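Read the structure below first, then the notes.
The values are calculated or read from the model by the stated rules, or taken from the named source; none is laboratory data. All figures in this text were calculated on a predicted structure; none of them were measured in a lab. Cβ coordinates were reconstructed from backbone atoms using ideal geometry, including for glycine residues, and neighbour counts include every protein chain displayed. These accessible areas exclude ligands, DNA and RNA; they are computed on the full protein's heavy atoms, side chains included. Shrake-Rupley method; radii C 1.70, N 1.55, O 1.52, S 1.80 Å.
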Amino acid sequence: MVPVARRNLFAEKGRFAISVAGVALAVLLILTVLALYRGWSRAGEVFEQLPGELWAVQQGTSDPFHSVSLIEPPDIERVSGIDGVQAVVPVLSRQMNFAPGGDEQSVRLMALDFGGFPASPDIQERFLPPQGQVVIDETLSRKTGLDEGDSLNISGVELTVAHVGPRGGDVLSQFAFVNFEDARAIFGVAGIVNYGMVVLDEGAQAGAVEAAIVDGHPDLQVYTGKEFAESVRKEIDESFIPVIAILVAIGFVVGAAVVGLTIYTATIERTREFGVMKAVGGSPGFLYRIVLSQSVMLTSAGFVVGVGGALLVARLAARAVPEFATDFQARDLGAVLAATLAMAVLASFVPVRRINSIDPAIVFRA
Amino acid sequence: MDGKQEILRATGVTKVFGEGERAVRAVDGVDLAVHAGELVLIMGPSGSGKTTLLTIIGGLLRPTSGSVFIDGTEITALGEKDLTALRRRAVGFIFQSFNLWESLSVVENVELALNIAGRHGRFARDRARELLTARGLGHRLRFRARDLSGGEKQRVSIARALANDPELILADEPTANLDSKHGREVMHLLRDIARSDGRAVIVVSHDQRLREVADRTLWLEDGRIADMGRVVRDPVCGMSIEADSAVALEHNGLVYHFCSRGCSWEFQAEQAKRVAAGHAVGQGGDR
Ligand SMILES: Nc1ncnc2c1ncn2[C@@H]1O[C@H](COP(=O)(O)OP(=O)(O)OP(=O)(O)O)[C@@H](O)[C@H]1O
Ligand SMILES: [Mg+2]
């Protein structure tokens, strides 16, 4: 079979390149927005990474960021004694300002008191620094310029950066982990804590423990680690999803318009040649297939270039902007591929009427 | 043309464009029969309906009334789908402006016509090559169609018209965009298509030279057709003349036509000399 579609496309190399670039930009826009969303939706993942299955919080606490939760020591005591509970780890957490190098920055300080409860070396390293030290993540390190061994002062407490961990999920406000004793000094509290992280016995029923925690104690509320993490993401979803929906729709329309215009012009220009195909016996289906192949080739090329471009842009942008946290997921790539194919099909509908109306008798007219 | 198969028959073909006062009778009650091996030339003033008639015969335009048969099939009674299928195998088109697929290579132009008729792969490629090579384009197969000269383009379009081995070839002004050398080349290709391949060829043209290769010339005026007779070549002076009004002379079972008595006398004297010298008679006569 003669590759008519390919020949027609490549006959106009300049236009082909411009159209591919147009589709690629649309793909780049859609993919980058989705990847940013995925990257930002990792927010709160720390609550899934810590070993506690349940989080006891003060009744009415909406999420770890916008709400203050205060829990008295007797409550922690009581929960520790519930059947199926292996340990309750008191947790202090609060958004704090500090000014490394004079620039005011905000950080989510968090401290866990594991007491005698054994922690794995990994947990130890990431979340439980010794007194006088702090663990920050890569994003905060790049925002502040702080590196391993540097010192900072928060509310009069001098801390040294123990090490810089990998980029955490929280893009807007990073977590920094300090020793529980330092946190007490910084926050200026004695017995009161913010949360109780509940580690369950092996095989214990989370539901039963949860019921026991709140039974007779309406001042408490329980989140699973996942729910607590999701309470953080909820904010991202609510503000982000409508925005990305619009951006993705714009990207899609732009892409489809570029392909549609290109295919339409290419069809108009070759009206006579299509007429000759009809005259020598080409069926309408034969002509549609050529047009459809043209737009599929165009969008596929645009997709490949767009994906490459998006990966490159993400890399460069992350270097310039620490908050440019992207996460390219296979399902999003698949969805964007499907969307570009939809663009191709939509775009090839544009010239269908045109093709139908070509009268093969024009071939004898000069 | 006795005994030769009738390829095309048109009866009472009429085409009216528009309605009421602005109606144009482009073709008016044309009857026409063309046989295998015959080259028919249609001439006539501009706007006389030549192209319209050719378009109807080729199944690209439906007549207002009348019918057209190609190889016994009444194409004017066919539905769109069957008509398209019939064009695919039974009719080959040659155009004034070549109408090649410009983005394709020379060989692909012919191959695509085969593809459209459901012939693919090696067979199609080989047949395309063969048709082009036979028309002196073996060294141009990979060229882009738009980079060819006019004469080459028309040869490609002839090869394309022959791709699916149609019985009927229709050509509209095939020499109009060519210089006289290439025009003559195309003329002879068309004659071979009729004589050697035994196809029916209908050519519309203003080009008087084509009369030399035509078996019949028809005159179309105001959509109506008339026989113009045949043009022959004077073997002595080489002039093209109407067979009906020429000086005819029978010699050794062949009929010769001359523009004037002078030429016929010269011819006779020449023949007498040749016979005396033991040479065969000259060429240029009809049986
Ligand atoms: N699609 C059409 N609609 C209306 N009128 C038409 C149409 N096609 C042809 N005509 C008219 O029909 C008449 C015959 O046209 P046609 O093109 O067949 O002439 P022609 O003999 O081929 O002329 P030429 O030698 O200039 O090519 C002309 O008057 C033309 O204007
Ligand atoms: Mg014409």
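In this rough spin-label picture, where each label sits 7 Å from Cα along the Cβ direction, the residue B:6-residue A:138 distance is 8.7 nm. The residue list A:97, A:293, A:361 was ranked by how far each Cα lies along the charge dipole of chain A toward its positive end, using unit charges on Cβ atoms, and A:361 comes out on top.
What relative contact order, as a whole-number percentage, does region A:57-204 give when Cα pairs under 8 Å and 6 or more residues apart are counted? Intermediate results must be reported in sequence, preceding the final value.
Working: 277 pairs, mean separation 50.5, N = 148.
Normalised by residue count, the contact order of region A:57-204 is 34 percent.
In the protein assembly as shown, the DSSP beta bridges split such that about 70 percent are antiparallel, to the nearest 5.
For region A:1-19, a decrease in accessible area of 30 Å² or greater in the assembled protein chains relative to the isolated chain, with a 1.4 Å probe, applies to A:1, A:2, A:7, A:11.
Using a 1.4 angstrom probe on heavy atoms only, work out the carbon and sulfur share of the accessible area of chain B in %. Display every interim value, and only then the final one.
Working: 5990 of 12850 Å².
For chain B, the apolar C and S fraction of the accessible surface comes to 47 percent.
Residue by residue along B:51-62, Cβ atoms of other protein chains within 10 Å of the local Cβ number 3 on average. Of the whole protein surface, residue B:216 contributes about 60 Å² of accessible area at a 1.4 Å probe radius.
Just to confirm a number: summing +1 for Lys and Arg and -1 for Asp and Glu over residues other than residue A:132 whose beta-carbon lies under 10 angstrom from that of residue A:132, what do you get?
Numbers: positive: none; negative: A:158, A:181, A:182.
Around residue A:132, the charge tally is -3.
Highest mean packing first, where packing is the average number of other Cβ atoms within 10 Å per residue, the peptides A:203-216, A:141-154, A:303-316, A:22-35 line up as A:22-35, A:303-316, A:141-154, A:203-216.
Report the calculated FRET efficiency for residue A:119 and residue A:243 (r = Cβ-Cβ distance, R0 = 56 Å), to the nearest 0.05. Provide the component values of the computation, followed by the final result.
Values: r = 39 Å, r/R0 = 0.70.
Computed FRET efficiency for residue A:119 and residue A:243 comes out at 0.90.
Taking a cut-off of 14 Å between Cα atoms, list the aspartates and glutamates near residue A:143, but don't count ones fewer than 8 places away on the same chain. Output for residue A:143: A:103, A:104, A:170, A:323. Bridge orientation summary for chain B: considering DSSP beta bridges with both residues in this region, about 65 percent are antiparallel. Of interest is the spacing of the C-alpha centroids, which for region B:184-239 and region A:276-295 amounts to 35 Å.
The Cβ shell under 12 Å around residue B:102 holds other residues with a net charge of +1, Lys and Arg each +1, Asp and Glu each -1. Under 5 Å from the amide H of residue B:169 lie the amide H atoms of B:92, B:200, B:201, B:202, each residue being 5 or more positions distant or on a separate chain, with H modelled from the backbone and absent for Pro and chain starts. Pairing chain B with chain A buries about 2400 Å² of accessible area. This figure sums both sides and uses a 1.4 Å probe. Springs between Cα atoms under 10 Å define the GNM used for chain B, and in it the highest mean-square fluctuation of B:225, B:116, B:94 occurs at B:116. Based on DSSP, what percent of beta bridges with both residues in region B:155-287 are antiparallel, to the nearest 5? In region B:155-287, approximately 75 percent of DSSP beta bridges are antiparallel ones. Ordering A:234, B:15, B:81 by accessible surface, largest first, gives B:81, A:234, B:15; the 1.4 Å probe counts only protein heavy atoms, with every chain in place. Counting lysine pairs in region B:6-229 that sit 8 or more residues apart in sequence, or on different chains, and whose Cα atoms lie under 29 Å apart gives 6.
Comparing B:138, B:79, B:20 in a Gaussian network model of chain B where C-alpha atoms under 10 Å apart are linked, the largest mean-square fluctuation is found at B:20. Based on alpha-carbon centroids, what's the gap between region A:11-69 and region B:69-113 in Å, whole number please? Taking the Cα centre of each part, region A:11-69 and region B:69-113 sit 56 Å apart.
Averaged across the residues of B:132-144, what count of C-beta atoms belonging to other chains lies within 10 Å of each residue's C-beta?
On the way: counts 0, 0, 0, 0, 0, 0, 0, 0, 0, 0, 0, 0, 2.
For this peptide, the per-residue mean of nearby foreign Cβ atoms is 0.
Converting phi to 3J(HN,Hα) with the Karplus coefficients 6.51, -1.76 and 1.60 and the offset θ = phi - 60°, region A:267-281 yields 6, 4, 4, 9, 3, 5, 5, 5, x, 5, 4, 5, 4, 7, x Hz in sequence order, with x at every glycine or proline. Converting phi to 3J(HN,Hα) with the Karplus coefficients 6.51, -1.76 and 1.60 and the offset θ = phi - 60°, region A:13-20 yields 4, x, 5, 4, 4, 5, 5, 4 Hz in sequence order, with x at every glycine or proline.
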